[in-house]
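Worksheet: one structure, shown below.
Taken together, the values in this text are just the output of simple stated rules run on the coordinates, not laboratory data. Quantities reported herein were computed from a predicted structural model and do not represent experimental measurements. Here the Cβ positions follow ideal geometry from the backbone for every residue, glycine too, while neighbour counts run over all protein chains shown.
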Number of protein chains: 2
Amino acid sequence: MTRRERAYALMQAGQVDLVGAFEKADSKATFQPYTWERPGGGGGTAMTLTDGGVFEKAGVNVSAVHGARVPDSLAGAHPGTEGKPFFATGISMVLHPQNPYVPAFHANYRYFEIGEEGEQNDIWWFGGGADMTPSYAFEEDIGHFHKTLKNQCERHSQADYKTMKETCDKYFYIKHRSEMRGVGGIFFDALSKPGTGDWEADLAFQKDGIETIREAYLPIIERRKNVSYGEREKEWQLYRRGRYVEFNLVYDRGTLFGLQTSGNIEAILMSLPPYAHWAFNHSPEPGSDEAKLLEVLQPRDWV
Amino acid sequence: MTRRERAYALMQAGQVDLVGAFEKADSKATFQPYTWERPGGGGGTAMTLTDGGVFEKAGVNVSAVHGARVPDSLAGAHPGTEGKPFFATGISMVLHPQNPYVPAFHANYRYFEIGEEGEQNDIWWFGGGADMTPSYAFEEDIGHFHKTLKNQCERHSQADYKTMKETCDKYFYIKHRSEMRGVGGIFFDALSKPGTGDWEADLAFQKDGIETIREAYLPIIERRKNVSYGEREKEWQLYRRGRYVEFNLVYDRGTLFGLQTSGNIEAILMSLPPYAHWAFNHSPEPGSDEAKLLEVLQPRDWV
């Protein structure tokens, strides 16, 4: 198998595995496939679940696209790639739970290759990360999440948790609200500088990243999914989801890139929550559980 | 009174008048004031209403801001204004109704002045427009709306309905969905080319525009506000409001300008709906009332 075939196979295996794990956690609804083609080359399959026992909306998308010329926005960030053929494959997922005490989760792991397939001087890199967006702050959950990701990084000599954590904090920042979208996690644009890394070692990190999602997120679901809640907590969750929408539509590079290059609109906007709420000039009562969330939306050491 | 004082007074009078008219139409809730200051100079007052009899969320904002240097984005669109002092005042409003059969409404009328106050060679212009966003298409309502705006334009020799209607159709276009946000109306970046028009005549058009909102929108509210609806229609309204959010956060120049220049975030995002819904790969059944909406979201002659 070629590198790109192996990377694509990793994403597909991850999708099968995680869809199974999320269905088991949900215990009510199942994922449905939606396959799309990219006019310029390639396509993908989004697996989506709606109105489940645990998840209100969940999606796991795998894509593999290619083209004769690197898109401008990608070439701009990676000098030396201009005008060359490209290949990109990735897995991305967003989970919006029913219960306001269960945090939303997002992860994506991706692989880029510049040049014709099989060229020995290919420029390639892996990117991605995982982050969590609670509506209520449980320091125990956030600590577990970060600790698990830190352990993942420590299993690979090329991965530095501290750097990836800081990159994540910076990336998921909603400037106009002066707060992070959630409590962060890890994020990296290129695991090794394009063309310089150990391909096998970097693939192994991506594999570990996809596999670690179970350990990082599922125990938190189990701990919170049966906590009872009322209208107040649901309203707050919907209000916080408004921030999620604001981040994704105003700042998220992947979303904007997709919209600008006429990608598959359903797969791109799969990340948006099922319901969101905006209230004028709303701020939670000082000292309330809702107000406590705002404290964890600023960068902090969690491990 | 100076020109800028007269323009500001027009916006303030419009706010008082329209808040009164919308409260009367709502017959349950009242508007509450929220006053904000702009660190760079000036400020505004947003009047907002939540969970009324007719309106789920409504806001009418008036602002008057000034500064020593024209913001870059404004100067870029108006050569010759770079580095000069500026003054801007405007009224903007967004009404999101409870009943899915009542369309949402948006309008804004604004005035820009470049240079020191009272200079005879001031560069000035008026901009704005009004547009409507139904969830269900009633051709009678859309026709009435456009006919009323056309009559408004015909009362002023410098205003061309056809041009303003086309500008509106182009502006409120959601590229990634290949559809308009709503059924349009009128929109103009500058009523007369900056510095060239008849100030009194242009002010009179703005005044007429603000006054015409009653005639254009209120009869439609009266006609539809008591039509009974169920969960299906409400879900569809919330789903359509998702498009409203997508347009405002991805494309609307006023919103993006505000976010980038650290304007008052509550006043800027006042336009967002109270609740919105996203469903994966949703499309209405062919022949349904929901599907009929999609037909009117492409440019069409309405008068």
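For the range B:3-296, with only Lys/Arg (+1) and Asp/Glu (-1) charged at the beta-carbon, what is the dipole magnitude about the Cα centre, in debye rounded to 20? List each step's numbers first, then the result.
On the way: 32 positive and 41 negative charges, 54 e Å.
Rounded to the nearest 20 debye, it is 260 debye.
Each Cα pair of the range B:127-261 feeds into the Kirkwood radius, which the Stokes-Einstein equation turns, at 20 °C and 1.002 mPa s, into a diffusion coefficient of 131 µm²/s.
When the alpha-carbon atoms of chain B are used, the pair Rg, Dmax equals 18.9, 60 angstrom.
Could you tell me the relative contact order of chain B? Use alpha-carbon pairs under 8 Å, at least six residues apart, and round to a whole percent. Show your work: numbers first, answer last.
Working: 546 pairs, mean separation 50.5, N = 303.
It comes to 17 percent, rounded to a whole number.
May I ask you to sort A:Phe87, B:Phe86, A:Phe22 by Cβ crowding, counting other Cβ atoms within 10 Å and putting the fewest first? Ranking A:Phe87, B:Phe86, A:Phe22 by Cβ neighbours within 10 Å, fewest first, gives B:Phe86, A:Phe87, A:Phe22.
Looking at this model, which pairs from B:Lys162/B:Lys193; B:Lys225/B:Lys292; B:Lys57/B:Lys165 are more than 22 angstrom apart at the alpha-carbon? Pairs exceeding the cut-off: B:Lys57/B:Lys165. Residues whose amide H lies under 5 Å from that of B:Ile123, counting only those 5 or more places away or on a different chain, are B:Ile114; hydrogens are built 1.01 Å from N in the peptide plane. Residue of chain A with the smallest Cβ distance to the axis mapping A onto B, distance rounded to whole Å: A:Leu249, 2. As a proxy for reagent exposure, ranking B:Tyr101, B:Tyr251, B:Tyr217 by other Cβ atoms within 10 Å from fewest up yields B:Tyr251, B:Tyr101, B:Tyr217.
For the protein assembly as shown, how big is the tail of P(r) above 44 Å, as a whole percent of Cα pairs?
On the way: 45624 of 183315 pairs.
Summing the P(r) of the protein assembly as shown above 44 Å gives 25 percent of all pairs.
Each principal axis of the range B:231-296 carries a Cα extent, and these read 45, 22, 20 Å when sorted largest first. Using a Gaussian network model of chain B in which every pair of alpha carbons under 10 angstrom is joined by a spring, one finds that among B:Trp124, B:Trp36, B:Trp278 the greatest mean-square fluctuation is at B:Trp278.
Along the range A:214-219 the Karplus relation, 6.51 cos²θ - 1.76 cosθ + 1.60 evaluated at θ = phi - 60°, assigns HN-Hα couplings of 4, 5, 6, 10, 4, x Hz to successive residues, with x for each Gly and Pro.
Across peptide A:242-255, how many C-beta atoms of other chains are within 10 Å of each residue C-beta, on average? The partial results should precede the final answer.
Values: counts 7, 0, 0, 7, 6, 1, 2, 7, 7, 2, 0, 0, 0, 2.
Counting other chains' Cβ atoms within 10 Å and averaging over A:242-255 gives 3.
With the Cα gyration tensor of the range B:183-290 giving a ≥ b ≥ c as the square roots of its eigenvalues, does the rule (a/c under 1.5 for rounded; else a/b larger than b/c for prolate; else oblate) give rounded, prolate or oblate? Judged from the Cα gyration tensor, the range B:183-290 comes out oblate (a/c at least 1.5, b/c at or above a/b).
Considering the convex hull of the alpha carbon atoms of the range A:30-186, report its projected area averaged over all viewing directions, in nm², one decimal. Before the final figure, lay out the partial values.
Details: hull surface 46.6 nm².
Mean projected area for the range A:30-186: 11.7 nm², to one decimal.
Take B:Val303, move 7 Å from Cα toward the beta carbon, and the resulting point lies 6.5 nm from the same point in each other copy, nearest first.
Its DSSP H runs of at least 4 residues, each contributing -39,500 (n - 2.57), put the calculated 222 nm mean residue ellipticity of chain B at -13000 deg cm²/dmol, to the nearest 500. Neighbouring Cβ atoms from other chains, within 10 Å of the Cβ of residues in A:266-277, number 5 on average.
Annotation: amide H of A:Phe55 within the under-5 Å range of A:Gln98, sequence separation 5 or more or interchain, hydrogens built in the peptide plane.
Taking the Cβ of each residue in B:Thr30, A:Thr48 as the centre, tally the other Cβ atoms inside 10 Å and list the residues starting with the fewest. Don't skip to the end; give the middle numbers.
Numbers: B:Thr30 11, A:Thr48 23.
Listed from fewest to most nearby Cβ atoms, that is B:Thr30, A:Thr48.
In order along the range B:192-207, phi translates into HN-Hα couplings of 10, 3, x, x, 10, x, 8, 4, 4, 5, 6, 4, 4, 5, 4, 4 Hz, rounded to whole numbers, per the Karplus curve 6.51 cos²θ - 1.76 cosθ + 1.60 with θ = phi - 60° and x for Gly and Pro.
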